[in-house]
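Let me begin by presenting the structure, written as structure tokens, before commenting on it.
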Amino acid sequence: MSLRYSEFPISIGAAGSSLPPSETNQYVPTTKVDVSYNTTHSPKRKLGSTIASDDQFGFGGALTADISVDCIVQTGLTSGFDFLVDANQDNYVTIKIGSGQFNKCYATDVSVNIEPFAPVSLSAKFVSLDPPTGEQISGDTNPYSGNEIPLTGDDLVYGHTVLVGDSASILNDVQSSISFSRTYSRTPIYQLGSINADTMLLDGVEEEMSVSSTGVESLIGLSGDKLIASLEVYLCGVGIGSTQAAIPDLITFSAGARVLAETYGVAGGDCVSTQATIKQVKL
């Protein structure tokens, strides 16, 4: 019997909590999810001995489970994005996929894509230190606790409702698209006598934003162009101001971040298009 996508709601719990996430309060409007299990194995080859048919591999590391989640952003359905808050970036979350629960999930990559008149899309990748094993893949036949999921186009965050605060005067007045990415560098910590990693240390956080527009304030030099003021992108719904952004402070480049790459060009019959890439090291 096949399982339908409607039986696989995704919920992401609060940072640092091992409790199962709430199907309603922490529901994430996901468009796609992928889970990949990987073992650390190698053939058992020994000089002067053939490989035993019933003992062919050795395992030199813990089982890893990688989770990739693609979703849209809607005001009122943002409790599942608690892991994006800066104060929670070194902590884990619990993710529920269908009826399966993945424990100690650490975010490794986050990206946001913003285009005109299209819902803002967000992608996040996690690694789970304690995934379910020995179980069948099973869905949730009673998603959102049996209630109707409150998805509505009126509350989605669209590219044309996003607000850009450019007090640094880096960008042109007309932006056609924005892409943002955040990368976490982590190191798993093992204890003696334990097969699985107990936790992960946060080694570094880097962010990058590329903005396509009709021009740039000035062309960069050898060391790029340092922001003298902050640059923010507010993920706002229809008719909502920056103070009520769906995910506050997600895309914020403070003074000191740098424009490290610029490109521009034009095709016949078109206008000049430019792209500026801004990077910052947060940790």
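All of the numbers you see were taken from the coordinates with simple rules; none came from a lab. Keep in mind it's a predicted model, so treat the numbers as computed, not measured. For neighbour counting, all protein chains shown are included, and Cβ atoms are generated from backbone atoms with ideal geometry for every residue, glycine included.
Here are the numbers:
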item: Dipole in debye (nearest 20) - segment 179-277, about Cα centre, beta carbon charges: Lys, Arg +1; Asp, Glu -1; result: 80 debye
item: Against the rule of thumb 2.2 N^0.38 Å, how large the Cα Rg of segment 220-283 comes out; result: 1.44
item: The chain - percent relative contact order, Cα under 8 Å, separation 6 or more; result: 17 percent
item: Student exercise, the chain dipole from Lys, Arg, Asp, Glu Cβ charges, in Debye to nearest 20; result: 800 debye
item: 5 angstrom amide H check on GLY100, placed H, neighbours 5+ away; result: SER138
item: Amide H partners (placed H, <5 Å) of GLY237, local residues excluded; result: ALA246
item: Relative frequency of Cα-Cα separations exceeding 19 Å in segment 144-205, percent; result: 67 percent
item: Debye log10 I(q)/I(0) for the chain, one point scatterer per Cα, at q = 0.14, 0.15 Å⁻¹; result: -1.05, -1.15
item: Integer Hz, Karplus 6.51/-1.76/1.60 couplings in order for segment 78-88, x for Gly and Pro; result: 10, 5, x, 9, 4, 5, 7, 5, 3, 5, 10
item: Distant-in-sequence amide H partners of ILE251 (H built 1.01 Å from N, under 5 Å); result: VAL233
item: Whole-Å distance, taken between Cα centres, linking segment 27-87 and segment 147-196; result: 22 Å
item: Area projected by the alpha carbon convex hull of segment 134-283, averaged over all directions, nm²; result: 15.8 nm²
item: Integer Hz, Karplus 6.51/-1.76/1.60 couplings in order for segment 115-124, x for Gly and Pro; result: 9, x, 6, 10, x, 5, 10, 10, 10, 9
item: Per-residue ³J(HN,Hα) for segment 262-271, Karplus 6.51 cos²θ - 1.76 cosθ + 1.60, θ = phi - 60°, Hz, x for Gly and Pro; result: 9, 9, 8, x, 8, 10, x, x, 10, 9
item: Gaussian network model of the chain, springs between alpha carbon atoms under 10 Å - residue of PHE83, PHE102, PHE57 with greatest fluctuation; result: PHE57
item: Across LYS104/LYS279; LYS32/LYS279; LYS32/LYS125; LYS32/LYS282, pairs whose alpha-carbon gap is larger than 19 Å; result: LYS104/LYS279; LYS32/LYS279; LYS32/LYS282
